[in-house]
Every structure is written in C-alpha cells, then in structure tokens.
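Single-structure report; data block below.
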Amino acid sequence: MADHLVDRERDLERLLTFVDAVVAIAITLLVLPLAEVGSEVHNTSVAALLSMHGVDVLGFLLSFTVIARLWVGQHRIVSSLIRQSTGLMWLLLAWALTIVFLPFPTTLAAGTSNDSLAKLLYLGTMAVSSVLLACIAYAIGRDPTLRDTEAKPDARQATGTAVAFLLALAISVAIPATSYWPLLLLFVVDPIVRLLPRRS
C-alpha cells in the first residue's frame, strides 16, 4: 500500500515537473525572435534597432508577464495536491498546450495590431488558458482526496482573468483602434477579486 502511494506521488511530481518545463520552454521561445533581431546590430545603432523593433520587445515583455501570471496562478492552485486523477491530468496537459502554443500567436500579434484573427488567436489562447485554470481549481476543490488540506483552491483569480481576456478580445475586435490596450483590464482583476466573497 505504501509503495502504491509513493508511486502516485511520483506520478504527480513527474506531471507537475513536466508542466513547469513546458512553461520554461514557452518563455524561452518567446525571446528567440529578439535574439535574431540582435544579430542586426552590426548594420545599425542599438538605438535605431530598438526603435525599429520596440513593438517586438513590448510584445515579449507582455507575453512573458502573462505567462508568468498564469504559471503563478497554476502553482497556487496545485500547491495542495498530493495525488492526481485522470481528469485532472488531462486538464493540466490541456493547460500546458495553451502555454506552449502561445509563442505562435504572440509572433502574429507582434506583426500586426489590427488583424482580427491574430487578436482572436492571441487573446483567445490566454482566455482558454485561464478557463482551464479555473476548471483545474474546481476539479481539485471538488475532490478532497486530491489535496492535503480542507481548504479548496481559489478559482476566483483564474475566472476573473478569463473574463478580462474575453472582454479585452471583444473590445479589441469591436474597436480595432484600441489594438491590444484592452489587456490593461488585467490590472483591475486583483482588486475586484479581493472584493468578492470566497466560496467555501
């Protein structure tokens, strides 16, 4: 029986390590286009290079911040896990898929500010990622055998972030001139979430 529990713990550890590795790889992929830009410095000045590719740098910083925010949310949600279920495993893998896919729409978004499909892929991917985090939190909260505490993971943050992404997508597509500025809605998620009652 003890050996079986150890195997379960190892399976969970491998799964979470794999997910963390996916996040690390996705963040690394984000910076690769900037590394290629750096090779152009011998043809121009650093100031001119930064001016030409300022949008790319901002896109990288924004996507890094978003992925980091999503990972921190995921880390908090799974912090009480002591074992996994099949459903939870697939939810975590689906969430990892959204993270590893994100560098692709990020590249598209950096190339254009008004393409509706690029906005849909970029903002939609992050919205789906947040929805999956909320589902993971609900799955862990619903099954007390998966965690080592009676307290359920707080799904409010992930849910609020998903709503913010969906609103940003709707505004950005409806009013193309706003580009990706509606993503600033993310900054109001935390204050609003703190005002909401936590479900027991």
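Every number here is computed from the coordinates shown, using simple stated rules; none is lab data. Predicted model, so just to flag it, every value in this text is computed and none were measured. Every residue, glycine among them, receives a Cβ derived from its backbone with ideal geometry; neighbour counts consider all protein chains shown.
Residue order for LEU132, LEU97, fewest other beta carbons within 10 angstrom first, comes to LEU97, LEU132. Rounded to the nearest 20 debye, the dipole magnitude of the range 46-200 is 440 debye, with +1 charges on Lys and Arg beta carbons, -1 on Asp and Glu beta carbons, and the Cα centre as origin. For ALA162, the shell of other residues with beta-carbons less than 13 Å away shows a net charge of +2, using +1 for Lys and Arg and -1 for Asp and Glu. By the count of neighbouring beta-carbon atoms within 10 Å, fewest first, SER130, SER179 end up ordered SER179, SER130. Projecting the Cα atoms of PRO103, THR145, VAL23 onto the dipole axis of the chain, where Lys and Arg carry +1 and Asp and Glu carry -1 at the beta carbon, places THR145 farthest toward the positive end. Note that the range 131-141 has calculated 3J(HN,Hα) couplings of 4, 5, 4, 4, 5, 4, 4, 5, 5, 5, x Hz, one per residue in order, obtained from phi through the Karplus relation 6.51 cos²θ - 1.76 cosθ + 1.60 (θ = phi - 60°); glycine and proline are x. Counted by neighbouring Cβ atoms within 10 Å, the residues PHE60, PHE18, PHE165 run from fewest to most as PHE18, PHE60, PHE165.
Here the calculated FRET efficiency for VAL72 and ALA35, from their Cβ-Cβ distance with R0 = 30 Å, stands at 0.75, rounded to the nearest 0.05. Under 5 Å between amide hydrogens, built in the peptide plane, is the criterion, and for ARG147 it picks out ILE82 among residues at least 5 positions away or on other chains.
Please find, in a Gaussian network model of the chain (springs between Cα atoms separated by less than 10 Å), the residue of GLY124, GLY54, GLY141 whose mean-square fluctuation is greatest. Result: GLY54 has the largest fluctuation of those listed.
Pairs of Cα atoms nearer than 8 Å and 6+ residues apart set the relative contact order; for the chain it is 21 percent.
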